[in-house]
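The block underneath contains the structure these notes are about, expressed in structure tokens.
The values are calculated or read from the model by the stated rules, or taken from the named source; none is laboratory data. Just so we're clear, the structure is a prediction, and the values are computed from it rather than from any experiment. As a convention, Cβ positions derive from the backbone with ideal geometry for all residues, glycine included, and neighbour counts pool all protein chains shown. Remember, those area values only see protein heavy atoms, side chains included, never the ligands or the DNA or RNA. Shrake-Rupley method; radii C 1.70, N 1.55, O 1.52, S 1.80 Å.
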Amino acid sequence: MNHHILLIIHLVSATIWVGGHLLLCFAYLPKALKDKNQHIILDYETKYEPVGMPALALLVITGIMMAYKYGVTTEYWFEFATPIEKVVSSKLVLLLLTVAFALSAQFRVLPKLKTDANKLPEMTFHIISVTIIGVLMVIFGSFIRFGGF
């Protein structure tokens, strides 16, 4: 597939993924914390997930495809030897952190949050962490334009 098309799909998907988390972090989370109402978060998650998860899947697929186009195949992942490998490997580390937070939220925090507003601080930590990771991934990805870091 053409690199420019991959980049466009990647950027639109990043807009959906990171934008959705920024919206959650800055619009919905403060109200949920103020009102001590976990359902504000749960309702947002229910509406966002059908759009956000496919966007994340497209990010992973297009990111791997573009990494291959830059010559960073699986045998070079986590090598951190060249500037482009550093960007790709750093983004993969951040992706693994995102997956860890997602699994923790899905199987540990969200089931308890459904019935207990006292789990809001723990969910807040997850939300803020994934949002920061997403923004970092956007920033790191921008370094590809300059040959890496």
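In the stretch 94-118, how many residues are touching a residue at least 12 places away in the same chain (Cβ under 8 Å), more than 18 Å from Ala32 (Cβ to Cβ) and among the β-branched types (Val, Ile, Thr)? Number of matching residues: 1. Can you confirm whether Thr124 is in contact with a His (Cβ under 9 Å, 6 or more places away or on another chain) and either of a type in the set (D, E, K, R) or touching a residue at least 40 places away in the same chain (Cβ under 8 Å) (or both)? For Thr124, the condition - in contact with a His (Cβ under 9 Å, 6 or more places away or on another chain) and either of a type in the set (D, E, K, R) or touching a residue at least 40 places away in the same chain (Cβ under 8 Å) (or both) - is not met. Within the stretch 49-105, the only residue that satisfies the criterion of being surrounded by fewer than 17 Cβ atoms within 10 Å (Cβ to Cβ), among the aliphatic types (A, V, I, L, M) and not in a helix (DSSP H, G or I) is Ala81.
Looking at the stretch 125-138, can you tell me whether even one residue there is part of a helix (DSSP H, G or I), more than 25 Å from Leu58 (Cβ to Cβ) and open to solvent by 50 Å² or more (accessible area, probe 1.4 Å)? Yes. Filtering the stretch 139-149 to residues that are farther than 18 Å from Ala55 by Cβ, of a type in the set (Phe, Trp, Tyr) and assigned to a helix (DSSP H, G or I) leaves Phe143, Phe146.
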